[in-house]
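Here is the structure we will look at, set down as structure tokens.
Read the figures in this text as sums done on the coordinates, not as results from a lab. These figures come from a predicted structure and were not determined experimentally. Note: ideal-geometry Cβ built from the backbone for every residue, glycine included; neighbour counts use all protein chains shown.
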Amino acid sequence: SAVISQKPSRDICQRGTSLTIQCQVDSQVTMMFWYRQQPGQSLTLIATANQGSEATYESGFVIDKFPISRPNLTFSTLTVSNMSPEDSSIYLCSVLGGQGAGEQYFGPGTRLTVT
Amino acid sequence: AQKVTQAQTEISVVEKEDVTLDCVYETRDTTYYLFWYKQPPSGELVFLIRRNSFDEQNEISGRYSWNFQKSTSSFNFTITASQVVDSAVYFCALRDMNRDDKIIFGKGTRLHILP
């Protein structure tokens, strides 16, 4: 299984500011995914990040609000820009398991509160 | 379109009782994966099981068992002799096997095990 770490684990931010969340994987992976989980809700995919190409965003999410970097095969960042209280959520990165294995693993999440 | 339905929003049972969490899915694909994840109060998403659409064998792992029935598009999860530590939100999820991309989550079932 992949071991995924995220930084920070939690943060409290003021509205109008931006926060960059880091995701580190212990093995090289082609695709990394960023999810949002609003309080009491299920997980929603924000975007898929492939190394060497632009991230692919899901409907309702835009690059200006959630810019993503993917500089190599083990690391990605998600920035939540110009935050508002509605952005208060858990943000999780995720990767697929070994080749053809099908498992999908998640990082521990970043719990963001915007005041 | 793919969809995962977890009709039970919240369940409470007394410790040592058995409990079944329901999951019904919709997909046009003939090959797909089904998953169950556990999210304890700490927020981390814990992978429990993956099933591919070719394999309808039921699976047992300790007190956990899963019943996959393609005829009814269901992938139910049973906890036998429940324990307080089983209290969590449980998510059922679906992903197309041929496309290594987004996983679709159900809304989750919040399970309370009462001492």
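Here each label is just a point 7 Å from Cα along the line to Cβ, and for residue B:69 and residue A:75 those points are 5.0 nm apart.
Taking the empirical scaling 2.2 N^0.38 Å for compact globular proteins as reference, chain A has a Cα radius of gyration ratio of 1.00.
For the protein assembly as shown, lysine pairs separated by 8 or more sequence positions, or belonging to different chains, with Cα-Cα distances below 18 Å total 4.
Along region A:86-94 the Karplus relation, 6.51 cos²θ - 1.76 cosθ + 1.60 evaluated at θ = phi - 60°, assigns HN-Hα couplings of 5, 7, 4, 6, 9, 10, 10, 9, 8 Hz to successive residues, with x for each Gly and Pro.
Give the residue list of trypsin sites (Lys or Arg not before Pro) in region B:21-111 that are DSSP loop and have at most 13 other beta-carbon atoms within 10 angstrom. Could you put the intermediate results ahead of the total?
Numbers: sites: B:28, B:38, B:50, B:51, B:63, B:70, B:95, B:99, B:102, B:107, B:110; in loops: B:28, B:63, B:99, B:102, B:107.
In loop regions of region B:21-111 (DSSP not H, G, I, E or B), the sparsely surrounded trypsin sites (Lys or Arg not before Pro) are B:28, B:63, B:99.
Please say if region B:33-115 is rounded, prolate or oblate, where rounded means a/c under 1.5 for a ≥ b ≥ c the square roots of the C-alpha gyration tensor eigenvalues, and otherwise the choice is prolate for a/b larger than b/c and oblate otherwise? Taking the square roots of the gyration eigenvalues as a ≥ b ≥ c, region B:33-115 is oblate. Ordering A:87, B:18 by the number of other Cβ atoms within 10 Å of each residue's own Cβ, fewest first, gives B:18, A:87.
Between region A:13-42 and region B:1-67, the alpha-carbon centres lie 24 Å apart. Inter-label distance, residue A:13 to residue A:61: 1.4 nm, where each label sits 7 Å from its Cα along the C-beta direction.
Amide H contacts of residue A:88 (H built 1.01 Å from N, in plane; Pro and chain starts excluded): A:114 sit under 5 Å, all sequence-distant by 5 or more or on other chains. Note on chain B: with a GNM built from Cα contacts shorter than 10 Å, the maximum mean-square fluctuation among B:58, B:67, B:76 falls on B:58. Here's the picture: a label point sits 7 Å out from the Cα of residue A:82 along the beta-carbon direction, and within region A:18-43 the residues with their amide nitrogen under 13 Å of it are A:18.
Relative to the Cα centre, the charge distribution of region B:3-114, modelled as +1 at Lys and Arg Cβ and -1 at Asp and Glu Cβ, gives a dipole magnitude of about 220 debye.
How long are the semi-axes of the equivalent ellipsoid of the protein assembly as shown, defined as square roots of 5 times the Cα gyration tensor eigenvalues? Whole Å, largest first. Don't jump to the answer; show the numbers that get you there.
Working: eigenvalues 178, 92, 47 Å².
With the √(5λ) rule applied to the protein assembly as shown, the semi-axes are 30, 21, 15 Å.
If only the Cβ of Lys and Arg carry +1 and only the Cβ of Asp and Glu carry -1, the dipole of chain A around its Cα centre is close to 220 debye.
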